[in-house]
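The block underneath contains the structure these notes are about, expressed in structure tokens.
Throughout, read-outs are computed from the coordinates displayed, never taken from laboratory work. Only a predicted model underlies this, so the values are computations on that prediction, with no experimental measurement involved. Quick reminder, even Gly has a Cβ in these numbers, built from the backbone with ideal geometry, and neighbours come from all protein chains shown.
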Amino acid sequence: MESESRVIIRSAADIVTARQKGRVLAMELGFNGSDLTLVATAISEVARNIVDHAKRGEIILATVNHGSRQGITIIARDEGPGIPDVDRAMEYGYSTRKGLGVGLPGAKWLMDEFEIDSKVGQGTTVTMKKWL
Amino acid sequence: MHVPVLKQGDYLIASVQSALSDADLVQLRDDLADRVGQFRSRGVIIDVTVLDVIDSFATRTLRAIAHMLKLRGAETVIVGIQPDVAFAMVQLALTLAGVGTALDLEEGLAYLNRGARRNLTHGK
């Protein structure tokens, strides 16, 4: 099964749309109850990161296959200010703004794989996966 | 979606009906802070049974609502957090420290009634 969907993030209301679409895709893939909630919550956190720091961006939701393994991949991309110190941003409780500093490290805990690529002045891309 | 708030005796009951955006949560906070004054409420139940995600922002806002209402003289109890949601919150190390929680609406009412009785016995 190959499917991909894209949610444009422009306001906090789009966070709800992104996590609902992610839940639906994860459900179609065969994820169960608690995993669906973990995926939806992780999407919520990375989408909020876009709204809080970059104002706008996008979330791409897709299926991913690795050999016989299947999973969901979530890419959160923005062209915002970027993160000067990624290691610091990934520390639990560290926040430069209004957040709790929970979002990015929290999303990492909820998913199986998590990568972040950020360049100051160019933007941030978070890629995370959860396997079935 | 707007959260309806019902008055039930000394208590207010806010029943979340669908997924909440950040703006809805902030609106709920402001509504409850107003109504607790308007109705001189002693307790507030927030029923989140339908929520399939309680992320860091929602947790922080629920905590803020409970603390604000406490300062306004009302006790808050959050009811109906689903098992999967509780699991995700624990994974995120999110807590509702200092906020009352109960299984469902019935237990929430019992929680507030126990608090009211306690205050009565302590002559408060």
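Determine whether B:Ala102 is surrounded by 13 or more Cβ atoms within 10 Å (Cβ to Cβ), farther than 29 Å from A:Tyr94 by Cβ and either touching a residue at least 40 places away in the same chain (Cβ under 8 Å) or in contact with a helix residue (DSSP H, G or I) (Cβ under 8 Å, 6 or more places away or on another chain) (or both). Don't jump to the end; show me each part of the working.
Working: surrounded by 13 or more Cβ atoms within 10 Å (Cβ to Cβ): yes; farther than 29 Å from A:Tyr94 by Cβ: yes; either touching a residue at least 40 places away in the same chain (Cβ under 8 Å) or in contact with a helix residue (DSSP H, G or I) (Cβ under 8 Å, 6 or more places away or on another chain) (or both): yes.
It is true that B:Ala102 is surrounded by 13 or more Cβ atoms within 10 Å (Cβ to Cβ), farther than 29 Å from A:Tyr94 by Cβ and either touching a residue at least 40 places away in the same chain (Cβ under 8 Å) or in contact with a helix residue (DSSP H, G or I) (Cβ under 8 Å, 6 or more places away or on another chain) (or both).
Conditions (1) β-branched (Val, Ile, Thr); (2) without any contact (Cβ under 8 Å) to a residue 40 or more places away in the chain, marked per residue:
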position	(1), (2)
B:Ala64	no, yes
B:His67	no, yes
B:Leu71	no, yes
B:Val79	yes, yes
B:Gln82	no, yes
B:Met89	no, yes
B:Gly98	no, yes
B:Leu109	no, no
B:Gly115	no, no
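For the stretch A:33-44, the tally of residues that are within 15 Å of A:Asp112 (Cα to Cα) and either facing chain B (nearest Cβ under 7 Å) or assigned to a loop (DSSP other than H, G, I, E, B) (or both) stands at 5.
Every residue, every condition in (1) closer than 18 Å to B:Ala23 by Cβ; (2) acidic (Asp, Glu); (3) more than 9 Å from chain B (Cβ to nearest Cβ), yes or no:
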{"position": "A:Ser3", "(1), (2), (3)": "no, no, yes"}
{"position": "A:Arg10", "(1), (2), (3)": "yes, no, yes"}
{"position": "A:Thr17", "(1), (2), (3)": "yes, no, yes"}
{"position": "A:Glu28", "(1), (2), (3)": "no, yes, yes"}
{"position": "A:Arg48", "(1), (2), (3)": "yes, no, no"}
{"position": "A:Val51", "(1), (2), (3)": "yes, no, no"}
{"position": "A:Gly71", "(1), (2), (3)": "no, no, yes"}
{"position": "A:Gly80", "(1), (2), (3)": "no, no, yes"}
